[in-house]
Structures are given as structure tokens and as C-alpha cells.
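One structure below.
The values are calculated or read from the model by the stated rules, or taken from the named source; none is laboratory data. This structure is a prediction, so every number in the text was calculated from the model and none was measured. Note: ideal-geometry Cβ built from the backbone for every residue, glycine included; neighbour counts use all protein chains shown. Only protein heavy atoms, including side chains, enter the accessible area calculation; ligands, DNA and RNA are left aside. Shrake-Rupley method; radii C 1.70, N 1.55, O 1.52, S 1.80 Å.
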Amino acid sequence: MTAPIETTGAADAQPEAVLSGAKGQIEGRSLGQIAWSRFKKDKVAVAGGIVVILLVLLAVLARPIQALFGLDPNAFNQDLIDPNTSLPTGSWGGMSADHPLGVEPKFGRDIATRILEGSWVSLVVAFGATILSNTIGTVLGVIAGYYGGRVDAIISRLMDTFLAFPLLLFAIAISATLQGGAFGLEGLPLHITVLIFIIGFFNWPYLGRIVRGQTLALREREFVDASRGMGAKGPYILFRELLPNLVGPIIVYSTLLIPTNILFEASLSFLGVGIQPPQASWGGMLNQAVDFYEVDPQFMIVPGLAIFVTVLAFNLLGDGLRDALDPRSR
């Protein structure tokens, strides 16, 4: 008669004992940790993020840096300008140790200081307009997607109406009308407020459509049905169940919308209806460089590169975030 086979060791061990013998401890990771691990593997996106952080820091610290080093973006340096040609003396637009990016023609103002001054203007307008459009688009998009029916039809037609507006012409008309003063504001605060309102208020349908489409898919998920079964009302489901699951698309769209808003602000300033001189702005500097680009290309290259690098960095960051938060979009 065959003796029973004894089973010892790993077969009789408890699951905890088996796991403790593994090479590493098994730990769960949150969705944020998983997204971060994907994002940091994308070296191009990480580089874009670093450039964005540096640009934001420069914009935030622009005024303190100017005060610390005694820089004045509107200080004239007529001694650096040739009175016969109105061009900077020296080569490469008057580049020197005191003016590393040269000086502008005619007035001799330091280009580096004006680029630094214009950075916070562009980013304030871009971030402000993005926050405004995201707020409106998110709220209306999630309401349209969740309730559907007549509510969805009304909001969708409203989106189509806003998308049909000739935004550039409309922005030019409003900006030109409000140049003197309005709403108790004047000067730079008025120009920044008007630009934020125009760009943000008329761009919300793009995010609204994205949020609406995501909400249409999420409202049929089990966790939404569970909330309804427990007696949760519409506002609770909208803001406590659906919105947290829309954070990823909203963040990705925001990083892609900010460079678009920077370009739009620069375009309006280039056309003369955005930020008004003597306040420095990248678009305004390009406008002034039109008369001198053939004889002093430095004056056009520097603000053009500032816009190019900023927009490229935000786009690279946005692409990396999109791949990290939604790898199926690759």
C-alpha cells in the first residue's frame, strides 16, 4: 500500500508567507502614480515641462528681478542709437554685456528687459483666459452630457453659435471699442481684462464638447448607477462623481489651450488692439519690428523666438500629459 505523500513547504504556506518570500514587496499604485511613471519616461515632455516651469518662474519674478537689478523696460538709451539711421550702434542689434539681446531701434530700450516684462503679460492673459473658458466649458459640458434631452440640445446649439463667431474680427472690434476706459478700469488692467474676457468667453465650446462627450460615456458607468441607487441627486453626481473623472482630459486640454491663447494675445497686440505701448508685449514688439526687420533682424528674431519656445514647450508638455493620462490615445 502506497504511503500518502506529504506536502510541505510552499504548498502549505499561507499566501502572506509566499508573498513575503518574493524579491520585492507588492504595492498598489494610484492612478496619479501610474500617470507620473509614464510621463517621466517621456524625455521630450519632461524637457517641455521644465521649460514651462522656468518660463512661469520668470514671469512671476519679472517685476522683482527688474527691481533687484534696476532694470527699466521703458528706459531710453539714445546714446546707443545712430542718429542718422535710428539703428543700434554695433553689431547684432547692439548686443553687449549690458544688453545681451541688444536694444531696439529708434528708442534704444533693452530687448531682454522688455522680453522679461512681456512674459508675465502673455502668461497672465493666457492662464486667465484658459481658466475662464475651462470653467464655462466644464460646467455646461457636464450638464449637457448628464441630463441630455432638451438641456443637451439647447447647450449644444449654444456651442454651435459661439463656434460660428468670427472670433478674430469680433475681438478686434471689442478691443478697439474699449481702448479708452470701461467698467471702472483703464490702461493696462483694462487691456488685460478685456483680452481675458474675449479669449476665454468665446473659446469655451471646444472644451465643452470634449467634456460633454466624456460625460455621455461616464453617465452609464456602474458607479453613477450606484449613486443614483443610493438616492444621490443630480448636482451631487455631477460634481462629486463625474467631475473627478474628467480631471485628466481637462488638464490635457488646458496645457494645449494655453499656447493657443498666447498666440491669440500676441496676434491682437501685433494688430494694435491688444496690449498698448509703452507696455511691453511680445506681439507689440513684433509689430514694431516690421519696419526694421530687413536692416535689424535681431529685433524681430528675439520676440519671435520667445513666442516659439513658449508655445512649443506647452505643446510638448500637453502631448506628454495626454499620453500619460490616456495611453490609448497614442
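Quick notes
- Selection from the stretch 73-94 of residues that are open to solvent by 70 Å² or more (accessible area, probe 1.4 Å) and modelled with pLDDT of 90 or more: F76
- Residue in the stretch 111-122 that is in contact with a strand residue (DSSP E or B) (Cβ under 7 Å, 6 or more places away or on another chain), under 18 Å from Q276 (Cα atoms), open to solvent by less than 30 Å² (accessible area, probe 1.4 Å) and not in a loop (DSSP other than H, G, I, E, B) present: yes
- If you go through the stretch 35-61 and keep only what is among the β-branched types (V, I, T) and in contact (Cβ under 8 Å) with a residue 40 or more places away in the chain, you end up with V44, V46, V51, V52, V56, V60.
A quick yes/no check of all residues on (1) under 23 Å from the mean Cα position of the chain (by Cα); (2) closer than 29 Å to G49 by Cβ; (3) part of a helix (DSSP H, G or I):
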site: R228; (1), (2), (3): no, no, yes
site: G231; (1), (2), (3): no, no, no
site: P235; (1), (2), (3): no, no, yes
site: L238; (1), (2), (3): no, no, yes
site: E241; (1), (2), (3): no, no, yes
site: G248; (1), (2), (3): yes, yes, yes
site: P259; (1), (2), (3): yes, yes, yes
site: I262; (1), (2), (3): yes, yes, yes
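- Among the numbered conditions (1) more than 27 Å from F292 (Cα to Cα); (2) at pLDDT 90 or above, the only one that K40 does not meet is (2).
- Residue list for the stretch 278-330, filter: open to solvent by 50 Å² or more (accessible area, probe 1.4 Å), within 20 Å of F76 (Cα to Cα) and part of a helix (DSSP H, G or I): N287, Q288, M300
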